[in-house]
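**Q** One structure coming up, written as structure tokens, with questions to follow.
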Amino acid sequence: MYKRIVVGLTLFGLLTILLSACAIVDTSTPANLPTVHMGGSTFLQSSITIHKGDMLNLVDDAPSTHIIANGTWNGTTPKPAVENGAPTVNKTYIGNDSGAIGPFNTAGTFQLYCTIHPGMNLTVNVQ
Ligand SMILES: [Cu+2]
């Protein structure tokens, strides 16, 4: 009888750990957000259109560090700038990870760039 209780409690404990592990994964990989992927030194698309209030999920598909901030590359010259209404973005991706930026609460066109990789620009159109 005692043995059964121990086995039961152990199974319950394992189940709890498994379920909470799933919950952690769910919150770190938002399913319904607009998403842009990043390669080794570029965004895999140059622009995206999202809705007012949206967060934007960035996915680093490469084992490559990216620091994403407000601004743009003009050739090989970085031009940091935060447009009116833009969320302040300064987020580091360490490679093979992802994370959301925003929310973009104002309609307009906003430039993001990677401070490490010349030419790595993304235009976010918010409607
Ligand atoms: Cu980069």
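Laboratory data are not the source of any read-out in this text; all were calculated from the coordinates shown. Keep in mind the model is a prediction, meaning the values are calculated, not measured. Cβ atoms come from the backbone with ideal geometry, glycine included; neighbour counts cover every protein chain shown.
**Q** Summing +1 for each Lys or Arg and -1 for each Asp or Glu, what net charge is found among the other residues whose Cβ lies under 15 Å from the Cβ of Gly95?
**A** -2
**Q** Please give, to one decimal in nm, the separation of the simple spin-label points placed at Asn90 and Asn105, each 7 Å out from Cα toward the Cβ.
**A** Spacing of the two 7 Å Cα→Cβ label points: 2.0 nm.
**Q** In whole Hz, what ³J(HN,Hα) sequence does the range 109-121 give by Karplus (6.51, -1.76, 1.60; θ = phi - 60°), x for Gly and Pro?
**A** Whole-Hz 3J(HN,Hα) from phi for the range 109-121: 10, 10, 9, 10, 9, 9, 6, 8, 10, x, x, 7, 10.
**Q** Also, quick follow-up: Would you tally the net charge around Leu112, using a Cβ to Cβ cut-off of less than 11 Å, leaving Leu112 out, and scoring K and R as +1, D and E as -1?
**A** It works out to a net charge of 0.
**Q** Something else now. Subtracting the Cα-Cα distance from 0.36 nm times the residue separation, let me have the gained length for Asp97 to Leu44 in nm, one decimal.
**A** Full extension of this stretch gives 17.6 nm more.
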